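Report on one structure; see the data block that follows.
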Amino acid sequence: MPRPLIGITARHVNTEDGFPATRILRAYVTAVEEAGGAPILIPPELPEDGWRVLLDRLDGVLFSGGADIGLEHFNGEPHPSVEEEPVRDALELPLLRAAVDADKPLLGICRGFQVMNVALGGTLYTHILDQLPNALQHDWHDKPRETLAHSIRVEEGTRLAEILGAPLLQVNSLHHQGIKGLAPSLKATAYAPDGLIEGIELPDHKFALAVQWHPEWMRSHEEMGRLFERFVEAAGRSA
Ligand code: MN
């Protein structure tokens, strides 16, 4: 079977020379390659008649990490540490809904996890430390990305539990926002010790799953590689 075609949402950045660029961190690309997929970039500036053509041809969509979702999309509480990425919101929120409607396999990571919740009607803490009482430190950006930051408890009977194969795991943590109100159609699949949701899935979908941590930086852990493999396999079945 040919490798399933996996679109990865990309960021708009400026290079050191000041040129606009479209960028995906290599860890996402490598994780998809190692799992048997053929990765392709989804530029955030693409208009709807562009991304709809892409979505039609893709076998799966990976919603990658990045900065914060615009507060207007979920009536979020303003906070000085919020850094928005509006060009990505404009593409990713409708793209996620379209992928769900088309029953396309999708995997969300960090920002992608939050995009999935907001696109389907959920809300976010805009700065966990100031808004969730007794919150753990979830923002470990000053440490190497593979640093194990906290444990998660995985809910029995979920697709995530079946993939990860253990009820308790250590994960990295590179986020300052998190799910406040869960979208009505979503099921929470994993929790941090402070009660914050770290995994979500759509129960009746072919494969629509997202995690708040960064499994692409934890590929030395077999179960994190398996997460990408199962996503790519689902994409292959829907090709
Ligand atoms: Mn966390």
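The values are calculated or read from the model by the stated rules, or taken from the named source; none is laboratory data. As the structure is a computational prediction, the values presented were derived from the model and not from experiment. Glycine gets a Cβ as well: all are built from the backbone with ideal geometry, and neighbour counts include every protein chain shown. Heavy atoms of the whole protein, side chains included, go into the accessibility calculation; ligands, DNA and RNA do not. Shrake-Rupley method; radii C 1.70, N 1.55, O 1.52, S 1.80 Å.
Of all residues in the range 45-76, those satisfying the criterion of being in contact with an Asp or Glu (Cβ under 9 Å, 6 or more places away or on another chain), at negative phi and assigned to a loop (DSSP other than H, G, I, E, B) are Ser64, Gly65, Ala67, Ile69, Gly70, Gly76. Scanning the range 147-175 for residues that are among the charged types (D, E, K, R) and within 14 Å of the ligand (Cβ to nearest atom) turns up just one, Arg153. So which residues in the range 80-90 are out of contact with any Gly (no Cβ under 8 Å at 6 or more places or on another chain) and closer than 13 Å to Val118 by Cα, if there are any at all? Answer for the range 80-90, where residues must be out of contact with any Gly (no Cβ under 8 Å at 6 or more places or on another chain) and closer than 13 Å to Val118 by Cα: just Ala90.
Could you say whether any residue in the range 215-230 is farther than 20 Å from Arg145 by Cα and touching a strand residue (DSSP E or B) at 6+ places or on another chain (Cβ under 7 Å)? No. Number of residues in the range 115-138 that are in contact with a Lys or Arg (Cβ under 9 Å, 6 or more places away or on another chain), in a loop (DSSP other than H, G, I, E, B) and either within 16 Å of the ligand (Cβ to nearest atom) or open to solvent by less than 30 Å² (accessible area, probe 1.4 Å) (or both): the value is 3. Every listed requirement among (1) in contact with a strand residue (DSSP E or B) (Cβ under 9 Å, 6 or more places away or on another chain); (2) open to solvent by less than 40 Å² (accessible area, probe 1.4 Å); (3) not charged (D, E, K, R) is met by Leu93 save one, (1).
Counting just the residues of the range 9-28 that are touching a residue at least 12 places away in the same chain (Cβ under 8 Å), open to solvent by less than 100 Å² (accessible area, probe 1.4 Å) and in contact with a strand residue (DSSP E or B) (Cβ under 9 Å, 6 or more places away or on another chain), which one comes out nearest to Gly225 (Cα to Cα)? Within the range 9-28, the match that is nearest to Gly225 (Cα to Cα) is Tyr28. Taking strands (runs of 3 or more DSSP E) as the structural unit, those lying wholly within the range 143-239 and holding at least 1 residues that are free of Cβ contacts under 8 Å to residues at least 60 places away in the same chain, open to solvent by 60 Å² or more (accessible area, probe 1.4 Å) and in contact with a Ser or Thr (Cβ under 8 Å, 6 or more places away or on another chain) correspond to 168-171, 178-181, 187-191. Hey, Lys180 hits all of (1) away from the ligand (no atom under 16 Å from the Cβ); (2) of a type in the set (D, E, K, R); (3) closer than 15 Å to Tyr125 by Cβ but one; which does it fall short on? Condition not satisfied by Lys180: (1). Would the range 192-210 turn up any residue that is under 17 Å from Gly60 (Cβ atoms), out of contact with any Phe, Trp or Tyr (no Cβ under 6 Å at 6 or more places or on another chain), among the charged types (D, E, K, R) and more than 16 Å from the ligand (Cβ to nearest atom)? Yes, the range 192-210 contains a residue that is under 17 Å from Gly60 (Cβ atoms), out of contact with any Phe, Trp or Tyr (no Cβ under 6 Å at 6 or more places or on another chain), among the charged types (D, E, K, R) and more than 16 Å from the ligand (Cβ to nearest atom). Here Glu45 clears all of (1) within 17 Å of Val232 (Cβ to Cβ); (2) in contact (Cβ under 8 Å) with a residue 24 or more places away in the chain; (3) open to solvent by 40 Å² or more (accessible area, probe 1.4 Å) except the condition numbered (1).
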